[in-house]
């Protein structure tokens, strides 16, 4: 659908984005994460055509968007963090104006506006002035302008920013519906939003792509956590010699217990490794109190990649 190859953007001597490549397919919802200054906004502005890259290409269905700006305008919807809304305009007038800017033909414009209003549950507020709407309703108007004309690629920057829990849930459901016919790139600093709606995450660090993986794979742990009593030095020695174990880290646990983190080799079977660890504990005359895969979440992976714990 949309493919980025070796994308680079500099501001003077500072490289905001460096050699970034990824692809987003139709029906995918991809989260774009990174600290402030990591390059998220610069990438979104290049994808939307607002900024030109210093190097690299962006293609939509194989067509270089630099040579086809009108195609990009029709096929891409963009919700910036602060949508440029006009408070004195009614919702329907604003959407009709946005449809004109997207060069949606006059004959299709009314249908496009009606579809956008219905998709965002704004039909009952169509004649209200934008300035009279709540923060959540204005955010819906921003999404409505982004989806005008059924774009095949949607870029949403902080779509749940300022929304209450009910509005946030509604926005999540809307994003899932939109992904039925589009590729969706969702930039947010709220990791729960990525957990809730995304299938894949792109993690930026200092302008470079540090991680590109599906969430299911990201959460799959390759570490076992063991809590046991007994002689910790002897137990660590036995554990380190198991064929599935690549590294052992020991720490204290409450009482006379000891906690071990066992990193497994990439091709090791988790169940086989767990069985061998349990046998090892018994053979070391220790008592096994707990044995389970380490729990990974997006926040811990984000901190790992960014070295936040250093």
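The values are calculated or read from the model by the stated rules, or taken from the named source; none is laboratory data. Just so we're clear, the structure is a prediction, and the values are computed from it rather than from any experiment. Virtual Cβ from ideal backbone geometry, glycine too; neighbours counted across all protein chains shown.
Per-structure values
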read-out	value
Residue match in region 36-50 (condition: part of a strand (DSSP E or B), at pLDDT 90 or above and closer than 22 Å to residue 63 by Cβ)	no
Residue 20 vs. criteria in contact (Cβ under 8 Å) with a residue 12 or more places away in the chain and closer than 23 Å to residue 142 by Cβ	no
Single unsatisfied condition, residue 224 versus (1) in contact with a helix residue (DSSP H, G or I) (Cβ under 8 Å, 6 or more places away or on another chain); (2) part of a strand (DSSP E or B); (3) closer than 30 Å to residue 40 by Cβ	(3)
Filtered residues of region 13-25 (kept if at pLDDT 90 or above and either surrounded by fewer than 16 Cβ atoms within 10 Å (Cβ to Cβ) or more than 26 Å from residue 182 (Cα to Cα) (or both))	14, 15, 16, 18, 19, 21, 23, 25
Condition check for residue 240: more than 25 Å from residue 44 (Cα to Cα) and out of contact with any helix residue (DSSP H, G or I) (no Cβ under 9 Å at 6 or more places or on another chain)	yes
Odd one out for residue 158 among (1) within 26 Å of residue 303 (Cβ to Cβ); (2) at pLDDT below 90; (3) in contact with a helix residue (DSSP H, G or I) (Cβ under 6 Å, 6 or more places away or on another chain)	(3)
Residue match in region 103-112 (condition: in a loop (DSSP other than H, G, I, E, B), in contact (Cβ under 8 Å) with a residue 12 or more places away in the chain and under 26 Å from residue 180 (Cβ atoms))	yes
Condition met for residue 84 (part of a loop (DSSP other than H, G, I, E, B), modelled with pLDDT of 90 or more and more than 17 Å from the chain's Cα centre (by Cα))	no
Odd one out for residue 65, checked against (1) surrounded by fewer than 17 Cβ atoms within 10 Å (Cβ to Cβ); (2) more than 26 Å from residue 173 (Cα to Cα); (3) modelled with pLDDT under 90	(1)
Cβ-Cβ under 8 Å pairs, at least 6 apart or on other chains, region 41-67 side within 18 Å of residue 146 (Cα to Cα), far side loosely packed, with under 13 Cβ neighbours inside 10 Å	46/52; 49/69
Matching residues in region 124-141 - criterion: being in a helix (DSSP H, G or I) and exposed (fewer than 15 other Cβ atoms within 10 Å of the Cβ)	124, 131, 132, 135
